[in-house]
1. Considering 244, 202, 229, which residue is farther than 20 Å from residue 33 by Cα, more than 21 Å from the chain's Cα centre (by Cα) and free of Cβ contacts under 8 Å to residues at least 12 places away in the same chain?
2. Consider residue 274 carefully, then state whether it is loosely packed, with under 15 Cβ neighbours inside 10 Å and assigned to a loop (DSSP other than H, G, I, E, B).
3. Output the residues belonging to segment 114-157 that are part of a loop (DSSP other than H, G, I, E, B) and either in contact (Cβ under 8 Å) with a residue 60 or more places away in the chain or not assigned by TED's automatic domain parsing to the domain that holds residue 187 (or both).
4. If a residue must be more than 16 Å from residue 212 (Cα to Cα) and outside any helix (DSSP H, G or I), how many such residues does segment 244-271 contain?
5. For the list (1) more than 22 Å from residue 266 (Cβ to Cβ); (2) in contact with a strand residue (DSSP E or B) (Cβ under 6 Å, 6 or more places away or on another chain); (3) at pLDDT 90 or above, I need the number of the one condition that residue 37 fails.
6. Here is a list: 95, 52, 91. Which entry is surrounded by 13 or more Cβ atoms within 10 Å (Cβ to Cβ), without any contact (Cβ under 8 Å) to a residue 60 or more places away in the chain and touching a helix residue (DSSP H, G or I) at 6+ places or on another chain (Cβ under 7 Å)?
7. Give the residues of segment 65-81 that are exposed (fewer than 15 other Cβ atoms within 10 Å of the Cβ), touching a residue at least 12 places away in the same chain (Cβ under 8 Å) and in contact with a helix residue (DSSP H, G or I) (Cβ under 9 Å, 6 or more places away or on another chain), sorted by residue number.
């Protein structure tokens, strides 16, 4: 499994104090993505010269890619030995390394012993279901130890419904209400998402749908009404199949990932985009609650 980050989450990505692993590689290109280092499948170098004020950094690359605190990525693209990995320096951050399901199983068992309120393990991304065989292997290993498992997914892949049935909690995004807006925002197709969410609503043990509200993209009244309509349909399916309401969480645009774009020498398109108006969020949540959905807030 290729992982670009790992850490802890406290009741925000599933119940309890959780270990979370972020799998590298994504099939969408969301314009507001807060983890641009998650998109490409291959390992990537993030360069933060501001973390070493007044320090000469040339020595970090024996091939001359760093000069006067500037990284020449054309040198990196032809590098075979990744010699910079030998240096543990805050200015260099590699995203992407291989971990086996066996390694993660052992690590989780060791880490979980130190927490009385350990809640389980969540696999995020990127898009974790792009690595479905290894992911399912890891999930099944953890389930044998009665460890709660969860995934965070964009619900686009054919593998998503199968993984959603295996985990204790499936967290999935619904990013738009119309195919046109979905494609404009993400580069992907909405129809598979709706089909996969419908299947998960009926068959997943637990399902939470998240809606990111992005100013100027999917926050028009018409678009939010259509998202609410899709969610209401999923809610009815959930009630009919499992006698429980659909859980929904509304997220707001934020800019926490902007420094990562700079560290990757990429442009962040939404740098000056404001957060959604509070009234927009309030009305949307009221519409969802009126339809009987369970609103989750963190």
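The values are calculated or read from the model by the stated rules, or taken from the named source; none is laboratory data. Every value quoted in this text rests on a predicted model; they were computed, and no experiment measured them. Here Cβ is always computed from backbone atoms with ideal geometry, including for glycine, and neighbour counts include all displayed protein chains.
1. On the way: 202 fails: free of Cβ contacts under 8 Å to residues at least 12 places away in the same chain; 229 fails: free of Cβ contacts under 8 Å to residues at least 12 places away in the same chain.
Within the list 244, 202, 229, the selection yields 244.
2. Values: loosely packed, with under 15 Cβ neighbours inside 10 Å: yes; assigned to a loop (DSSP other than H, G, I, E, B): yes.
Yes, satisfied.
3. Restricting attention to segment 114-157, the residues satisfying the condition of being part of a loop (DSSP other than H, G, I, E, B) are 114-117, 125-127, 145-148, 154-157.
Scanning segment 114-157 gives 115, 117, 125, 126, 127, 148, 154, 156, 157.
4. Taking segment 244-271 as the starting set, the residues that turn out to be more than 16 Å from residue 212 (Cα to Cα) are 244-246, 258-269, 271.
Of the ones still in play, those that are also outside any helix (DSSP H, G or I) are 244-246, 264-269, 271.
Residues that pass the stated criteria total 10.
5. (1)
6. Working: 95 fails: without any contact (Cβ under 8 Å) to a residue 60 or more places away in the chain; 52 fails: touching a helix residue (DSSP H, G or I) at 6+ places or on another chain (Cβ under 7 Å).
Being surrounded by 13 or more Cβ atoms within 10 Å (Cβ to Cβ), without any contact (Cβ under 8 Å) to a residue 60 or more places away in the chain and touching a helix residue (DSSP H, G or I) at 6+ places or on another chain (Cβ under 7 Å) holds for just one of 95, 52, 91, which is 91.
7. Once the filter is applied, which keeps residues that are exposed (fewer than 15 other Cβ atoms within 10 Å of the Cβ), touching a residue at least 12 places away in the same chain (Cβ under 8 Å) and in contact with a helix residue (DSSP H, G or I) (Cβ under 9 Å, 6 or more places away or on another chain), segment 65-81 yields only 70.
Table: residues versus (1) closer than 19 Å to residue 36 by Cα; (2) touching a strand residue (DSSP E or B) at 6+ places or on another chain (Cβ under 9 Å).
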site: 126; (1), (2): yes, yes
site: 137; (1), (2): no, no
site: 141; (1), (2): no, no
site: 152; (1), (2): yes, yes
site: 160; (1), (2): no, yes
site: 166; (1), (2): no, yes
